[in-house]
Amino acid sequence: MTPIRKLGGLALSLALLSTSALAGEIVLNSDQSDPAPKKAMEELIADFQEAHPDITVKWNNFDHEGYKSAIRNFLTANPPDVAAWYAGNRMKPFVDAGLFEDVSDVWEENGLNEELKSAAASMTIDGKKWGVPYTYYQWGIYYRKDIFEEQGIEPPKTWDELLAASAKLKEAGITPFTIGTKALWPTGGWFDYLNLRVNGYEFHMDLTSGKVPYTDPRVKAVFEKWAELVEPGYFIENHAAIDWQDAIPHLVQGKAAMYLMGNFAVATMKDGGLEEDQIGFLQFPQINPDIPMSEEAPTDTFHIPAGAKNKEDAKKFLAYLASPEAQTKMNKTLGQLPVNNKAEKPEDPFLEAGFEMLSEAHALAQFYDRDAAAEMAKAGMEGFQEFMVKPDKVDDILERLEKIRARVYK
């Protein structure tokens, strides 16, 4: 039976992590404490050990917040052989500090550059791969199919089509978009998608890693596009006073027709009273045809710490985790999407749409508050919310964000 230790609260001391990996044993640290992720990990570890009977996995399972606090300590002081984390700029500090192992060989030897290609950019720093992604979920625009049909609107594929659809909805007394920005982060989805469509993934990553001033004209161009939705009143009123869940009744009641959100919101839409055939999903429309289509898809990953004691068996674990079979099974349990494009397509229509979209993506952004430094992310999303309420303040907002960027990334 797999040894599992649940670690939380004060039990996160390094003393509890003092057991070193033995020959034929790998120590794995992760934060799958919720029921579905915990079950998915238990199944994955059992299946891996069945496929590799000479290897035992010793699993230390943390609570989420405790893991965030503990990871830098255990990577430095007593590294496990495998550790859970995230893609993109969230992994960059550990790569820069020399705490994650280059696993480009795992990608090369297992054909992962092709099978995991949509996530390749978000796993690459300095031309090397630093981990393996195993699950993600899509963001996009969820819309009322029945309202679109009543109004004679085709799902928009371009920005001009989105503006035309919004104008038609507004004329019919329906607010085009619902949103709740009280918790700030839903504004990050809007900023990210507009930036990805106006400037592209590479610029987005440069901006969120502090390399580009917020006063750059290319950033201003993002807000100019956003203003084309904000100024005509295409978002619900008083959105700064409500959370994301509170924005869903506007969609359910037909007061609003679209919602830019992650796929996790579909369950809440159904709980609110919408039937599955009333909900549609569309990719965020194209703005600049010269910019390849990247998507917002927060991605969970596993890494080999640079100080791991059993890297050989840890690489076998990453290779197994990357396989179509392992990712199909895990994500059925998680209710999310496999990153491997040869995995089985999900049966859920929204996940199936997301699987096809993400498998073809140029690259995947992780979400503004994962890609940007924490202090910058908080200030940025405060600025985005302020812009959605007072779009005429855009220059003041960008100057303020630039001062914060200069301090945070100095």
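Observations on the model:
- Of residues in the range 103-119 being open to solvent by 20 Å² or more (accessible area, probe 1.4 Å) and part of a helix (DSSP H, G or I), the one farthest from E356 (Cα to Cα): D105
One line per residue, one yes/no per condition, for (1) surrounded by fewer than 18 Cβ atoms within 10 Å (Cβ to Cβ); (2) assigned to a loop (DSSP other than H, G, I, E, B); (3) polar (S, T, N, Q):
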{"site": "K309", "(1), (2), (3)": "no, yes, no"}
{"site": "A314", "(1), (2), (3)": "no, no, no"}
{"site": "F317", "(1), (2), (3)": "no, no, no"}
{"site": "L321", "(1), (2), (3)": "no, no, no"}
{"site": "E325", "(1), (2), (3)": "yes, no, no"}
{"site": "T328", "(1), (2), (3)": "yes, no, yes"}
{"site": "V339", "(1), (2), (3)": "no, yes, no"}
{"site": "K342", "(1), (2), (3)": "yes, yes, no"}
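Yes/no per residue for (1) surrounded by 18 or more Cβ atoms within 10 Å (Cβ to Cβ); (2) modelled with pLDDT of 95 or more; (3) out of contact with any strand residue (DSSP E or B) (no Cβ under 8 Å at 6 or more places or on another chain):
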residue: D369; (1), (2), (3): yes, no, yes
residue: A377; (1), (2), (3): yes, yes, yes
residue: G383; (1), (2), (3): yes, yes, yes
residue: D396; (1), (2), (3): no, yes, yes
residue: E402; (1), (2), (3): no, yes, yes
residue: K410; (1), (2), (3): no, no, yes
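- Which numbered condition D290 misses (of (1) of a type outside the set (V, I, T); (2) open to solvent by less than 50 Å² (accessible area, probe 1.4 Å); (3) more than 19 Å from Q138 (Cα to Cα)): (2)
Residues are listed down the side, and each one gets a yes or a no for (1) more than 17 Å from M330 (Cβ to Cβ); (2) of a type in the set (S, T, Y):
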| residue | (1), (2) |
| --- | --- |
| A46 | no, no |
| I55 | yes, no |
| A70 | yes, no |
| N73 | yes, no |
| P93 | yes, no |
| S104 | yes, yes |
| N110 | no, no |
| E115 | no, no |
| I125 | yes, no |
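- Among the residues of the range 135-175, those identified as open to solvent by less than 10 Å² (accessible area, probe 1.4 Å), of a type in the set (F, W, Y) and within 22 Å of F355 (Cα to Cα) are Y136, W139, Y142.
- Residues of the range 120-131 that are open to solvent by less than 30 Å² (accessible area, probe 1.4 Å) and either in a helix (DSSP H, G or I) or out of contact with any Phe, Trp or Tyr (no Cβ under 7 Å at 6 or more places or on another chain) (or both): A120, S122, M123, I125.
- As a summary of the residue check, T301 satisfies the conditions (1) touching a strand residue (DSSP E or B) at 6+ places or on another chain (Cβ under 6 Å); (2) within 30 Å of E25 (Cα to Cα); (3) assigned to a loop (DSSP other than H, G, I, E, B); (4) not acidic (D, E) except for the one numbered (3).
- Any pair with Cβ under 6 angstrom, 6 or more apart, that starts in the range 201-220 at a residue that is under 20 Å from E375 (Cα atoms) and touching a residue at least 40 places away in the same chain (Cβ under 8 Å) and ends at one that is of a type in the set (S, T, N, Q) and open to solvent by less than 10 Å² (accessible area, probe 1.4 Å): H204/N195
- Index of the failed condition, M269 passing every other in (1) open to solvent by less than 10 Å² (accessible area, probe 1.4 Å); (2) in contact with a Pro (Cβ under 9 Å, 6 or more places away or on another chain): (2)
- Residue in the range 358-367 that is among the charged types (D, E, K, R), open to solvent by 50 Å² or more (accessible area, probe 1.4 Å), in a loop (DSSP other than H, G, I, E, B) and in contact (Cβ under 8 Å) with a residue 12 or more places away in the chain present: yes
A quick yes/no check of all residues on (1) closer than 20 Å to R400 by Cβ; (2) of a type outside the set (D, E, K, R):
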{"site": "E202", "(1), (2)": "no, no"}
{"site": "T208", "(1), (2)": "yes, yes"}
{"site": "R218", "(1), (2)": "yes, no"}
{"site": "F223", "(1), (2)": "yes, yes"}
{"site": "W226", "(1), (2)": "yes, yes"}
{"site": "P232", "(1), (2)": "no, yes"}
{"site": "A241", "(1), (2)": "no, yes"}
{"site": "D246", "(1), (2)": "no, no"}
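- Residue match in the range 397-408 (condition: over 24 Å from E108 (Cα atoms), in contact with a Ser or Thr (Cβ under 9 Å, 6 or more places away or on another chain) and not in a helix (DSSP H, G or I)): no
- Filtered residues of the range 43-97 (kept if of a type in the set (G, A, S) and either in a helix (DSSP H, G or I) or surrounded by 22 or more Cβ atoms within 10 Å (Cβ to Cβ) (or both)): A46, A51, G66, S69, A70, A77, A83, A84, A87, G88
The values are calculated or read from the model by the stated rules, or taken from the named source; none is laboratory data. Given the structure is predicted, the values throughout are model-derived calculations rather than measurements. Don't worry about glycine lacking a Cβ; one is built from the backbone with ideal geometry, like all the others, and counts go over all protein chains shown. In case anyone asks, the SASA skips ligands and DNA or RNA and just uses the protein heavy atoms, side chains included. Shrake-Rupley method; radii C 1.70, N 1.55, O 1.52, S 1.80 Å.
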